Structure formats: C-alpha cells, structure tokens
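Below is one structure; the comments refer to it alone.
What follows is calculated from the coordinates using simple rules that are stated; it is not laboratory data. None of these values were measured; they are calculated from a predicted model. Glycine gets a Cβ as well: all are built from the backbone with ideal geometry, and neighbour counts include every protein chain shown.
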Amino acid sequence: MSTAPAIDEGNPSGLAQVWPLLVSPFPGRLENTVRAVVLVLAVVVIGEVFRVPEIALSAYIVLFLSRAEAVSTALTALIAGVAVILAIFAAILIFIFSLSQPALRIPLIAGMTFVAMFLARTAGELSPAFFAAGFIIAYGLTLGEEALGLALMPGSAANTESFTLPELVFVPPVEALLRFLLWLALVVAIPVALVIIANLLTGRDPAVLLRAALVERLRAAARFCDGESGADRQLEVLAREGTVGLSKLRRLTGLLHKSAQPAPVTEIERLLLLLLALKRAGGNVEGDRLLPVAQFCRKAAQAIENGAPVSLQAPELAFSGAAQPLGISITRTLQAIQEPPAPARPVVEQPRGLLGPDAFTNPEYTQFALKVTLAVMLAYFAEDMLDWPGIHTIVITCFFVSLGTVGETLHKATLRLSGCIVGAALGLGTIIGLMPLMTDLGDLLLVVAPVTFLAAWIGFGSERIAYAGWQIGLAFFLSTLQEFGPTLDMETARDRVVGIIAGNIIILVIFTAIWPVSIARIARDNLVKAVEHLAALFRTHEAEAETAHRAGFAEAIGQAQAIMVNEPFETRRVRTADGARPIDAGILAQVQALFLPISMLLDVQRRLPKSAEVADYQAALAAWLERAAAWIRDGSGADEITQSLPEPPETTEPVGIWQRFLDQDIRAILAQVVPQTRAARDAVADELGLAAT
C-alpha cells in the first residue's frame, strides 16, 4: 500500500480482433477507398505526363492526408500543405547560411528537429503542422546534400535516382539545389490541392456521420424501452463511447454548415445514461411504462435521419422510489432533444497561447524531442557513413514511428514493418512479372489501382491497423513509381525495406532504453484527471463550470481507454501483490460508470433543497476524490484510502438512495484495486460464513 495502484499493460487477446478490422465493410469505408484510389491515379497521371519528380511521394501524401470525412481531411491537408511549403523555404534559407560551411548543417538539422518535435508535443491543435514542418526540413536538408553532391560531381550520376539527372548534371550546383527544393514543394502542393478539392466536392459530410450516430443511439434507446433482449448491452456500449467523437463531428459540421442548428449530442447521451440508471434504480418501471419513450425515440430518430427538426410532445413519466427523479429527468431530457440547444460558451474567456501550460514544466516533452533528435541523427550518420542514399527511408522511419509511449511506438513500428514487407513484395512482383509487359500509362494505372485499393481499404478500417495500409501503399509506390515509364530496378525496393527495418531498430533501442514512457503512465495521468473532474463536480455551483467538468471527465476517461488499445505491444506485464486486480480497461469502465450516480445526485439537488447533512457528505466525498486522485498519481495516502471514504447519511429520500449507490460503486472498485491483507480477507470470509483459504 505504499505505492499507487498498478496499471495492467497486458491483453494479448486483443490481437485476435485484427481480422474483423481487415474485412468488415464499415459505413463509408468503400466510398473513402474509391476516392483515394481515384486521387492517387490522378496524381500518377499528372506526374507522368508533366514529368514531375518523386511521384511515389505525391501518391503517398494522398493516402496520408485522407480522413473519414471531408472537413477534417481538407483542414489537415491545408495546414500540412502550408507548413510543408514554409518548411521548404526554411530549408532554402538554412542552405543559404550554411552553403559555405557544410559542418553547420549537422547542428542545424539536429536543432531544427529538436525544436519541431518539442512543438509537435506542446502546440496543441498546431502540433501536426510543426511535425510536418520539422520532417520536411530534415528530409529536405538530407536529400538536398545528396543533390548538391551530385551537381558538384556529375560523374557519380550513374549511382543516383533518375529524377535528379536532368536538373543536376547541366546546371551550377547552387541552382541545382534550389531547383530540387522547389520541385519538392510542387511534389507536395499537387496532392494537397487535389485532396482539398476532391473532399470539398465529394467528401463525406460530417453532418451525415453525426446524424447517423445520433439515430443509432435513439433507436437503441427505443429497443431498450421496448424490452428487447440484448438492448441493454448495446446501450451500455454506446453510452461508454461518450460524446468526445460526436462533439468533434458537431464542431466540424458547424464549420461546413454555418446555419445548421446544433445537434442534441449531450441531450441524447444523457438520455442513454438515464435509461441505464433505471436498471439500477428499480421502481415501478415494468410493463408498458416506457413505451411512450420508445415511441418518442423512434420518431425523433426518423426526424433526425431526414434532416428535419424534432417536433414532438415529450411524455410525462412518474416513477417511485429511487427511480422517481429519473422520470422527471427523462422527461426534461426528451424536451431538450426537441428544442435546439444553444451553442455552448467557453467557461472562462482566456487568451490561448501557442504552447500548452505545462510546456516548460513537464520534462517528458523535452525528453521526447531529444530521443527523436538522437534517432534522426543516428539514422543520418548511418546513411552518410555507409554512402548508401537509397536507404534514406531510415530517416523517414525515425520521424513517423516515434510516439509518446513504448506501446504506441512498438505498435506503429510493427504496422510500418509489416505493411512495408507486403508493399515491397507486391512491388517486386509487379517489376518481375508485369513491368516487362507494360507499354503505356494505362497499363501502369491498371497495376497501381488494385494495390492502392488494398492499401486504402486497410487504412480506412480502424486506427489499430490504418498505418499498415498506408505503408503498403508507400512501399509499393516507391518500388514501382521510380522513373517516368516502366522500371526494372529492384534495388530501390530492397533499399527502402532496409531503411525502414534499420529505422525501426534505432527507434526501438532508443525509446526502450532512454526515458521509456509506459502506457501505464499515460493511462494513470488521464485517470487522475478524470477523478479530479468528478471531485470538481461536487464543488462547482455554476452550470457552465459543471458542463466543462462533465466534458473534461468524458475526455480524460476516453483518452485513458484509448491508450489501452496498445496494451499488447508493451514490453512486460504489470502485476500486483496479494491478488489485487490492477487498473485495466474493466476498472476504467467502472470509473466511467461513477458518472451516472454522481449525475443523478447533482440533478436531484437542483430540484430539492439540499440539507446540511447532504451538503457535508458531498463536501467530504469531494475531498476524498481529491485524495483518491493523489493516491492514483503517486501512492499518497495509500494506507487510509479505504478507511477515509465517507459514509452516506441514512435517508430514504431519492438523494440518499443514489448516495448509497455511489458508495457501493466506489467500494466495489476499491475492493478490486486495493491489495487486501490476510486479516481483511479472513474478516470478509467470516462475515459471509465461509472458511478462509
């Protein structure tokens, strides 16, 4: 009990879920895949016709920027495109200042990589832009040196990629370098422009995705109210997803449709929680008491699906016992669903800076930037000392595989390596079996299309496997799109795979040996934030502040659950002593469920005068939750965490019933997480009339 509760980092059975992710036709998966294939083919046609270099990189950018819906895809492409263009011009400036002093480029590459990776972890919504800028600067500087060396020694042109020959052999070295970097800007600009235009014209509207998600929830609620078998389980799954994803879709919908009414995301999520609470509260809710709610949900789902406003009469519900406040809350929630909610205002109007508030106090940001910089520089030195420019994917790998935790990094490295092997094998097979038979651009497109379809299909399946799909596309494009026309060069595919494998090894060694960050650390931090938000809910008296803490709790617990997806890739499993269960995905779900009784307590106290006894209990419970957050963080107060939990006051009022429900839920979590002594287990056995073992 002297340490914080352990976080379980092992769940290998989750790997068995990969196959359904590969084959399941998720909504919109085929549409997005076909769009990506068409855009890749368009990029290939433009590159081949106008002899734009690095067609493979342009084709991969299409896949890399594609998202599930139009608005986020267009925004990501626009931000990344602007950042990349600015980064290329920054690389030109760096070459201007360091051209006469080549030794300066090494510290400049290291310095720019460190700054970019630091900003990529601390700049909030602009983090992807800084990541893209840092990658392009380092990539441009390393390949720019190769181009400069070729221009200075054209006799070595036979050992270089063919796209450099027309520009670098017959022009002065400085002009050759400038032309190379400007070509690189065009290589990025073409796919970015196509992605933005295509998604604004034909992309999936986030409003459609939002309506589909809301309709699914309302129909699940209707089935639950009808008493269908298994409906309660589906309702729990939907409620556990929270509102983070739906709120993002609502925000994107507002960007695309300025006049659209805000969707009742919070209200429908609240309805799911209230219906689940009926299972716990009991009361006289059997029979056809919920049929009016089922009818309302079905009609509301039909209206939302048709894009029409919900204009229905909310039924009046009257329950008894602990379910009494639920009837009032459900009625008010149904009324709120049919009335367009007002746009939420920020709780505190404060100017937001570029960096996060803990940018210079949290050492993990600096450590991450240093680890990535070290990996990139080792990769750069390996490529340079081996005089093997074909393995420049070693530098790319060090950028794109580096993530915050060991589990995330190993997960992405595994996907990158497996996708690269599949893509390279398809590329080599194409070169050996099909390239000798190809005579025109149409033949090339017929070969590129099915492989791109495979890569995009995997990429749009799930975040757990998406990166493997993108790597299949990248390895295949690098293998087959080498020249303007058919190629028989198999060394390129070999070199790319060697570079990716070497980069993965470098990242693996550095991120597991130097300041390793476990998934448990990130999950613990988010769990602490979630518990602190629960404590704050009992202390706040303003509606806007309460809304902010509700959203903060949902976001924190959602992030903790999301990070646990990469459990199987951690290096070792964490166990606890005395048979105590570590904090795993199941415990996180139980903590998430605490929001339900707390929400009911807050609802009841708004309508009824709060007694001094209830106020004292809630203040004591808020203080205990704050101590529990400290215990989860670093083990503070571990010896008294169970004994200090306040007892709810004895009362038969609904508020008292829900206080006891909350107390039971908290004690159930503690019984699983807190290690029990032999005496405690004997006491429990005696109380149950069992023989202790």
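Couple of notes before you dig in:
- Hz values of 3J(HN,Hα) by residue in region 215-229 - Karplus curve (6.51, -1.76, 1.60), Gly and Pro given as x: 4, 4, 5, 5, 5, 5, 5, 5, 5, 5, 5, 6, x, 5, 5
- Seen from Gly423, the other residues with C-beta closer than 11 Å to its C-beta sum to a net charge of +2, counting Lys and Arg as +1 and Asp and Glu as -1.
- Amide H to amide H distances under 5 Å link Ile583 with Ala6, Ile7, Asp8, where only residues 5 or more positions off or on other chains count and H is placed in the peptide plane.
- Computed from the C-beta positions of Val498 and Val244 and an R0 of 41 Å, the FRET efficiency is 0.50 to the nearest 0.05.
- Remark: the Cα gyration tensor places region 206-338 in the prolate category, a/c being 1.5 or greater and a/b exceeding b/c.
- Note on Asn362 and Phe26: the model spin-label points, each 7 Å out from Cα along the C-beta direction, lie 2.6 nm apart.
- Here the extension length gained between Leu78 and Ala619 equals 189.9 nm, from 0.36 nm per residue of separation less the Cα-Cα distance.
- Taking other Cβ atoms within 10 Å as a rough exposure proxy, Arg251, Arg550 sort from fewest to most as Arg251, Arg550.
- GluC sites (Glu not before Pro) within region 38-140: DSSP coil, no more than 14 neighbouring Cβ in 10 Å: none
- With a Förster radius of 25 Å applied to the beta-carbon distance between Phe97 and Leu186, the computed FRET efficiency rounds to 0.55.
- Extension gain, Ala513 back to Gln302 (0.36 nm per residue minus Cα-Cα distance, nm): 70.4 nm
- Residues within the reach of a label modelled at Thr414 (point 7 angstrom out along Cα to beta-carbon, backbone nitrogen below 15 Å), restricted to region 497-528, are 508, 519.
- Overall, region 206-338 carries a charge dipole of about 460 debye about its Cα centre when +1 sits on the Cβ of Lys and Arg and -1 on the Cβ of Asp and Glu, all other atoms neutral.
- Efficiency of FRET between Leu670 and Glu228 - r from beta-carbon atoms, R0 51 angstrom, step 0.05: 0.90
- The GluC sites (Glu not before Pro) found in region 433-509 that occupy coil by DSSP, while having at most 12 further C-beta atoms within 10 Å, are Glu463.
- Highest average first, the peptides 72-81, 534-543, 504-513, 269-278 ordered by how many other beta carbon atoms sit within 10 Å of their residues are 269-278, 72-81, 504-513, 534-543.
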